[in-house]
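Taken together, the values in this text are just the output of simple stated rules run on the coordinates, not laboratory data. Model, not experiment: these values are computed from the prediction. Please note: Cβ atoms are built from the backbone with ideal geometry, for glycine as well, and neighbour counts cover all protein chains shown.
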Amino acid sequence: MVTAAYFRLLLIGVLGLGVYPSLAVERGPTYRGLRAEAQGLTGTASVQGPHALFINPAGLVGGPPLRMETTGYLGINGTLIDYARWGADNYQHLNDMDSLLARIEPVDNKWATFSNAFTLSAQFDDYALSVVEDIRYSVTVGKAVITPVPGVGMLSDFILSFGRGFTDPYYAMRWGLAVKYIYRIRFDRRLVGTTDEEFYRVKREWEKPGTGFWDHIRKLGAASEVAETSQGFGLNAGAVRDLGNDFTVGAAFLDFPTVMNSEWVIPDLNVGVSYHPSIEIMDWRHQFQVNADLHHLLDPDMPWFKQVKFGVAWEGFAGGRPLASLGVGLNDGYPTFGARLGYIFYLSYTYFVEEVGGQPGQTPLSFHKFNAELAF
């Protein structure tokens, strides 16, 4: 009997991945955009616009004559909020160690993660270009700041991507291709003790006076000696096909192939189906979406609860432009949510949870993300 894991391994071989000299453990960039995150990280069959470069490039077909977007967001992890709440509730006991120790809950060495991203995108007909800087930081303190054991970590991705969508009338389908360049800085999170010479060497360098251009270069150089840097190139490809008026199916190969520092990245094969009826009420158009996706089908070690994704969304239009949207979803077994409001200038909030670890309920990592976006 062939198990699902063996089937995926066989599929990798059939697709030619077995000829790769080596496969890196880590995946390619994880940026997918806030709209996908609000809908449980779905969108393989429904994504449209510049974000399709990272989800399914076939979504570039039928784009506007000219569209430009710039976005910036800040994401705060729930653990960081927990620390702030604990401090607000117990700051009055700082001079009384016995009282303070009695109020310590089991929060030792929890990692508080926060992130920020900036994107600049342009789409002209079926062509799209996107520049993304996506950074995630992790910090921790032990014993709720009583006996500090600081910890740090960082993952930074700079991604330059260009793609085009195509129409295939013979097979009644759309497909797309995107090429990308990635520059990554990684500092694996770790606790920093008094004997950590690398950390304190960089810290001393950063604390030296000087704010000129060459001072910044010197400080960045010191940090790069500790952090791991890598760069590479890759491809994303995908196809979608309409089934009737309101149903669409799609498949996307992400990081197929992608190479980082002479190592091949494990690719993703994602498939999805979308039901997207559109209705008009008093000259206002309303678009509804119901998405169901299966992700990471080529990874034999990926648990099933990280493969199944669901999402539901509503978007209202005025004058042909999106005015407001709501999205909910299920990612890694956890609920997601997003709301967006504006006209040319948009504000949005997204709640997104992902699972860190290999078993359900192991370590959920939640983010509250606040976003400002300008779209022409």
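Details
- Remark: the Leu120-Ile344 segment gains 79.2 nm on full extension, using 0.36 nm per residue and subtracting the alpha carbon distance.
- Where a label projected 7 Å from the Cα of Val356 along Cα→Cβ would reach, residues of region 54-84 with amide N under 20 Å: 74-84
- A simple spin-label model places pseudo-atoms 7 Å from Cα toward Cβ; at Trp214 and Phe376 they are separated by 3.9 nm.
- Around the amide H of Ile266, modelled in the peptide plane, lie the amide H atoms of Ala24, all under 5 Å away and 5 or more residues distant in sequence or on another chain.
- Each residue of region 27-43 was assigned a 3J(HN,Hα) from its phi angle through the Karplus expression (A = 6.51, B = -1.76, C = 1.60, θ = phi - 60°), giving 8, x, x, 9, 5, 10, x, 5, 5, 5, 5, 4, 9, x, 6, 8, x Hz with x at Gly and Pro.
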